[in-house]
Structure formats: structure tokens, C-alpha cells
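Quick notes on the structure that follows.
Derivation of every value follows stated rules applied to the coordinates shown; laboratory data play no part. Computed from a predicted model, the values in this text were never measured in an experiment. Backbone-built Cβ (ideal geometry, glycine too); neighbour counts: all protein chains shown.
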Amino acid sequence: MLTVTGDPQKGAPHFDKDCASCHTSAFGRFLSDSPEITQLEGPYIFSQLKAFKSGQRNFTEETKSHRKMIDRIKQYSDEELADIVAYIKANAHTL
Ligand code: HEC
């Protein structure tokens, strides 16, 4: 599986705080209508995060979850987003 250059250890706390609730458990995905992301290729995840952050990618449906995710990723630099992706790919089997 392809990943990106980043520091998984730095990405871990960011992922736990700002991504896990919507994307990791089946229950969280159901409640927030979020897709599974661990199976996606790292470079794709990274490019989508940057596209959401810059407004190039919009959500298919404007809901509360969507706005929340965008607000959360906007706090991160591209380097921090790469750390998060590196963490997702390093731990894809356990998330
Ligand atoms: C409040 C819930 C929520 C949070 C928090 C959240 N997301 Fe999402 N995410 C979603 C939803 C809902 C979608 C579906 C967007 C759409 O309709 O296009 C999505 C889409 C995505 C996609 C696109 C998947 C694809 O197939 O193209 C990626 C990648 C992603 N999220 C990563 C993250 C990362 C990394 C974080 C943490 C920084 C995060 N998300 C935080 C709800 C959330």
C-alpha cells in the first residue's frame, strides 16, 4: 500500500483527536455518514485533505459532519496532514 512521507508518531494524537470519532468505528461512520478511509492509498488521502482544506473539493452533501471535518483539517499545516496520513497507513489494519 502506498503511503506518504511523514511522521506517524506525530500524526497519531491528531488522528485520535480529530479524525477517529467519525472515521474509525462502524458506529461513528454510521452516525456521521463518513466513509472508511484506511484502505485508500496514502497519496490519494493526502491530496484529498489538501483539496478539502483549500476548498477545491466540496462535500457531496453539506451536513454538520462535513463542516466539522473541514474545520478540523484547516487547523493543520500540510506537513501535519502528511503526518496524519503516515499514521493512517502505518496502522491501517488496526484502525
Ligand atoms: C465530523 C466527522 C468527520 C471528521 C471529524 C473527519 N471526517 Fe473525513 N469525512 C467525513 C465525511 C462525512 C466524509 C465524506 C465526504 C463527502 O461526502 O465527499 C469524509 C471524507 C473524508 C475523506 C475522503 C474519502 C474519499 O473516499 O475520497 C478523507 C481522506 C477523510 N475524510 C479524512 C479525514 C481525516 C484525515 C480526518 C482528521 C483530520 C477527518 N477526515 C475528520 C467526516 C469526518
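The table below lists the values:
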quantity: Qualifying residue in the stretch 60-73 (condition: within 11 Å of D18 (Cβ to Cβ) and surrounded by fewer than 13 Cβ atoms within 10 Å (Cβ to Cβ)); calculated: yes
quantity: Positions within the stretch 12-43 being over 11 Å from I88 (Cβ atoms), touching a residue at least 24 places away in the same chain (Cβ under 8 Å) and either within 8 Å of the ligand (Cβ to nearest atom) or aliphatic (A, V, I, L, M) (or both), in sequence order; calculated: D18, C22, S32, D33, S34
quantity: Residues of the stretch 15-29 satisfying the condition of being aromatic (F, W, Y) and touching a helix residue (DSSP H, G or I) at 6+ places or on another chain (Cβ under 8 Å); calculated: F15
quantity: Matching residues in the stretch 48-75 - criterion: being near the ligand (Cβ under 7 Å from one of its atoms), within 19 Å of P8 (Cβ to Cβ) and either assigned to a loop (DSSP other than H, G, I, E, B) or among the charged types (D, E, K, R) (or both); calculated: R72
quantity: So I45, is it on the phi < 0 side of the Ramachandran plot and either of a type in the set (S, T, N, Q) or assigned to a helix (DSSP H, G or I) (or both); calculated: yes
quantity: Scan of the stretch 1-24 for residues that are surrounded by 13 or more Cβ atoms within 10 Å (Cβ to Cβ) and in a loop (DSSP other than H, G, I, E, B), ordered by number; calculated: T3, V4, G6, D7, C19, T24
quantity: Candidates Q56, Q48, filtered to the one that is loosely packed, with under 14 Cβ neighbours inside 10 Å and not aromatic (F, W, Y); calculated: Q56
quantity: Odd one out for I73 among (1) within 18 Å of T3 (Cα to Cα); (2) among the aliphatic types (A, V, I, L, M); (3) in contact with an Asp or Glu (Cβ under 9 Å, 6 or more places away or on another chain); calculated: (1)
quantity: The stretch 76-95, residues that are assigned to a loop (DSSP other than H, G, I, E, B) and surrounded by 12 or more Cβ atoms within 10 Å (Cβ to Cβ); calculated: Y76, N91, A92, L95
